[in-house]
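In what follows, a structure is listed as structure tokens, so that the remarks can point back to it.
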Amino acid sequence: MDVKGKIMELSTLDGISGREDSVGLALSKMISQDNQKDAFKNYYYGNLKTTKKKVAIYSHLDEVGFFVKSIDESGFIYFQEIGGWWGHVILGQKVRITARANKQVYKGVVGTLPEGSVMDEHVVPISKMYIDLGVINREEVVELGIQIGDMITPDTKAEETQNGQFIMGKALDNRVGCGIMAEVLNTIQDKTYENLEVIGVATAQEEAGTRGSKIAAKVVKGDINLIIDVANGKDTPRASTSKTRILGKGPGICLYDKTALANIELADFLQKTAEKNGISYQFDQFAGGGTDAGSIQLYEGNPTIVLSIPVRYCHSWHSLVSIGDCEKLVTLICCFLEELDKEKELENGQF
């Protein structure tokens, strides 16, 4: 199993909402099944025309990031955030700007000072932050090929922690899910299920309002939908009064998020599968935030659930995820498919 390698490769790639091209291409090279891409840049893996029951495994391609909003006369670049960001984690960080005109990548640093250059306890609004490329004026920026709308991403590269148990990097929301989906599809590539067809779906623009999944759900028409995503770990100091989403304790079977309620029969089936195969898991609930499940669940109402991976410091330059949790989720999904294929009647969410 090389889910670690897949996640690390995908993490380092740049692909904010609507600019997922490099991520989709790399993912398609990782996955052995044939793929097709729609006009919205969703990718589909597997036989969409099958007459068998379709189990759809979803993960979104895009990451939170920024794009160039304006360039002032001194060459400082102001930016628009895409997805949820906290101002706390942005200042002083290095970024990459990808100039769409010439495909060149330029590096800068995010800077600002409060009025009067007096640092205080207030969080600086993103609207007052800028990127410093170390240039003299606006003309120099323009000559580089940088223009309004160019993609900006954290300048970081995925790496293992010193004990080899965790991955540290950007865009783990949701390159983690993409890597897990790829590993599952490759693991089962030579498997023929009697009653099931497994479809992989990599969606675009989840961070900008779960947009790609609204289109993908109508294309796939999954009889059962598994959405892989990450969830903020609550196992660090002051993160929560109760420790939940503990890194290393297994993937989450999510019962609730702000956009979707899990199909409880599907949740129970996954729980039984995990326990039967000795796979550790955690029940999960997203008190804040939604996922692609909200769009997918509402298309035809078929059984839908989120399977989560705990991650620390989500939507930042350096997130942290347990390799073991990712490997366990691969195993759980593969075992789930085996158990599900044994079910002769699979109608209306009855397992």
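The values are calculated or read from the model by the stated rules, or taken from the named source; none is laboratory data. Bear in mind that the values here come from a model prediction, so they are computed numbers and not experimental data. Virtual Cβ from ideal backbone geometry, glycine too; neighbours counted across all protein chains shown. Heavy atoms of the whole protein, side chains included, go into the accessibility calculation; ligands, DNA and RNA do not. Shrake-Rupley method; radii C 1.70, N 1.55, O 1.52, S 1.80 Å.
Give the accessible surface of the chain per residue, rounded to a whole number of Å², with probe radius 1.4 Å and ligands, DNA and RNA excluded. Can you show the working numbers first?
On the way: 15720 Å² over 351 residues.
Averaged over the residues of the chain, the accessible area is 45 Å².
Note down, for region 84-239, the three equivalent ellipsoid semi-axes (square root of 5 times each alpha carbon gyration tensor eigenvalue), biggest first, whole angstrom. Can you show the working numbers first?
On the way: eigenvalues 288, 93, 54 Å².
In descending order the semi-axes read 38, 22, 16 Å.
Please report, to two decimal places, log10 I(q)/I(0) for the chain at q = 0.06 Å⁻¹ as given by the Debye formula with identical point scatterers on the Cα atoms and no solvent. Debye curve over Cα of the chain, log10 I(q)/I(0) at q = 0.06 Å⁻¹: -0.22.
Rolled with a 1.4 Å probe across the full set of protein chains, the surface gives Glu9 an accessible area near 100 Å². From the largest down, region 66-154 spans 40, 28, 17 angstrom on the principal axes of its Cα atoms. The residue among Val306, Ile167, Phe76 whose Cα reaches farthest toward the positive pole of the charge dipole of the chain, with charges on the beta-carbon of Lys, Arg, Asp and Glu, is Val306.
Since only Thr291, Ser32, Gly5 are under comparison, the one whose Cα sits farthest along the positive direction of the charge dipole of the chain, derived from C-beta charges on Lys, Arg, Asp and Glu, is Ser32. When the alpha carbon coordinates of region 11-121 are projected onto the principal axes, the ranges are 68, 35, 21 Å, largest first. With contributions of -39500 (n - 2.57) from each DSSP H run of at least four residues, the per-residue ellipticity at 222 nm computed over the chain stands at -8000 deg cm²/dmol. Spacing of the modelled spin labels on Ser280 and Asn47, each 7 Å from Cα toward Cβ, amounts to 3.9 nm.
Taking 0.36 nm per residue of separation and subtracting the Cα-Cα distance, full extension of the segment from Lys218 to Ser70 would add 49.6 nm. With a 1.4 Å probe and every protein chain kept in, tell me what percent of the accessible surface of the chain is carbon plus sulfur. For the chain, the apolar C and S fraction of the accessible surface comes to 49 percent.
Solvent exposure of Ser127, expressed as accessible area, is near 90 Å², computed with a probe of 1.4 Å over the protein chains only.
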